[in-house]
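The values are calculated or read from the model by the stated rules, or taken from the named source; none is laboratory data. All values reported here derive from a predicted model rather than from experimental measurement. Cβ: placed from backbone, ideal geometry, glycine included. Neighbour counts: every protein chain shown.
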Amino acid sequence: MLLAIDSSAGTGAAVVDAARGVLAERSVADPLRHAEVVGELIAGVLADAGVTAADLEAVAIGVGPGPFTGLRVGMAAGRTFALAAGLPALGVVSHDAIAAAAGLDGDVVVTTDARRRELYWSRYAGLDGDGLPVRVDGPALAKPDAVPVAESRIDATSLSAGWLGLVAARALRADRPVVPIEPLYLRSPDVTLSVPKKVSG
């Protein structure tokens with residue numbers, strides 16, 4: 001079993017099993033309450049599934065793409081839980097969860113809101129034999145009219161932590177490499193350090 005946490009679009013947590021599917025899932029859509037709710041969601045899904053940290057084999061963490069603050073909160077919570085429980089942490093590109101949930105067939109682009117009148121996008125070529133999305137391009141950031149045109153498109157407004165966990169569970173079962181737990185901001189932070197002025201003698 002795995003605990004899955006994603007905060008790239010709202011905040012969600014789930015307990016999943018590769019064979020039995022999603023055992024428990026909770027989410028809060030508000031993109032501004034990540035820090036307030038993530039702990040409650042984790043405790044809630046563990047209670048709903050009737051499991052403890054000792055029953056888990058890993059923690060799946062959504063790495064985005066997503067906004068700076070949201071990703072930071074969810075990833076910090078996932079890393080902290082994994083470290084405290086002595087569990088491996090597995091990174092998952094958040095768009096892959098949307099693609100897997102859709103049961104892709106053919107050429108598909110997945111987009112999510114990047115704010116500032118931009119979109120995050122990833123392009124897929126269906127699912128492979130392990131049930132994992134075949135991402136052929138992205139994630140990337142673009143203006144709406146610059147997103148690549150595909151045979152079909154999914155404009156997602158939410159993301160299932162349950163499906164994120166299933167992607168990780170399928171990858172783990174198939175002994176596939178996991179994504180590094182590095183946030184996909186795809187945009188420079190709003191705040192940058194100023195360069196000190198040189199003082200002439």
- Task: Would you be able to tell me the number of residues in the stretch 1-54 that are crowded, with 18+ Cβ neighbours inside 10 Å, among the small types (Gly, Ala, Ser) and closer than 22 Å to Ile181 by Cβ?
- Result: 10
- For the stretch 136-163, enumerate the residues that are over 14 Å from the mean Cα position of the chain (by Cα), of a type in the set (A, V, I, L, M, F, W, C) and outside any helix (DSSP H, G or I). Val136, Ala140, Leu141, Ala142, Val147, Val149, Ala150, Ile154
- Query: Would you say Val37 is over 26 Å from Val110 (Cα atoms), modelled with pLDDT under 95 and out of contact with any Pro (no Cβ under 9 Å at 6 or more places or on another chain)?
  - Reply: yes
- What number of residues within the stretch 106-148 are surrounded by 13 or more Cβ atoms within 10 Å (Cβ to Cβ), under 27 Å from Thr69 (Cβ atoms) and among the small types (Gly, Ala, Ser)? 5
- Evaluate the stretch 67-78: report whether one residue or more is touching a residue at least 60 places away in the same chain (Cβ under 8 Å), in contact with a Ser or Thr (Cβ under 6 Å, 6 or more places away or on another chain) and small (Gly, Ala, Ser). yes
- Query: Only one of Ala82, Ala99, Ala58 is in contact (Cβ under 8 Å) with a residue 40 or more places away in the chain, under 22 Å from Ala171 (Cα atoms) and either in contact with a Leu (Cβ under 6 Å, 6 or more places away or on another chain) or surrounded by fewer than 24 Cβ atoms within 10 Å (Cβ to Cβ) (or both); which?
  - Reply: Ala58
